[in-house]
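Colleague: Once you've had a glance at the structure underneath, I'll fire off some questions.
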Amino acid sequence: MNFEDRITELREQKGRTSFEFHFSALFTEQEWVDLPLEQRKSLEREFRVFVENNDHIRIPFASEDHIRMRMYNSLYEYNEVKHNFKAYV
């Protein structure tokens with residue numbers, strides 16, 4: 001799965017350079033409904049690895065708490081303007 005392309009599509013839909021989103025926003029409604037729960041969890045784990053290597057996306061503190069409790073579909077933040085966006089955490 002190419003998360004970079006999906007993020008780019010979401011950014012174009014939003015029309016903004018800074019926004020918050022849930023993981024499910026990267027998929028169409030039908031794609032999301034058709035995905036089995038285990039595959040959703042697996043893809044979100046992969047996405048978190050992707051976030052660690054991407055300078056424009058971060059996981060806010062409240063969502064970090066959700067991750068520790070193994071909750072899925074947490075909130076993510078995207079910002080392509082701020083240089084070194086993750087340093088602000």
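Colleague: Any idea how many residues of the range 18-66 are in contact with a Ser or Thr (Cβ under 6 Å, 6 or more places away or on another chain) and modelled with pLDDT under 90?
Modeller: Residues flagged as in contact with a Ser or Thr (Cβ under 6 Å, 6 or more places away or on another chain) and modelled with pLDDT under 90 within the range 18-66 amount to 2.
Colleague: Here is a check on your reading of the model: is residue 83 modelled with pLDDT under 75 and open to solvent by less than 90 Å² (accessible area, probe 1.4 Å)?
Modeller: no
Colleague: Which fully enclosed helices (runs of 4 or more DSSP H) of the range 1-62 have 1 or more residues being surrounded by 15 or more Cβ atoms within 10 Å (Cβ to Cβ) and touching a helix residue (DSSP H, G or I) at 6+ places or on another chain (Cβ under 9 Å)?
Modeller: So the answer is 3-14, 37-52.
The values are calculated or read from the model by the stated rules, or taken from the named source; none is laboratory data. These numbers come from a predicted model, not from an experiment. Quick reminder, even Gly has a Cβ in these numbers, built from the backbone with ideal geometry, and neighbours come from all protein chains shown. When the accessible area is computed, the model is the full protein with side chains, heavy atoms only, and any ligands, DNA or RNA have been set aside. Shrake-Rupley method; radii C 1.70, N 1.55, O 1.52, S 1.80 Å.
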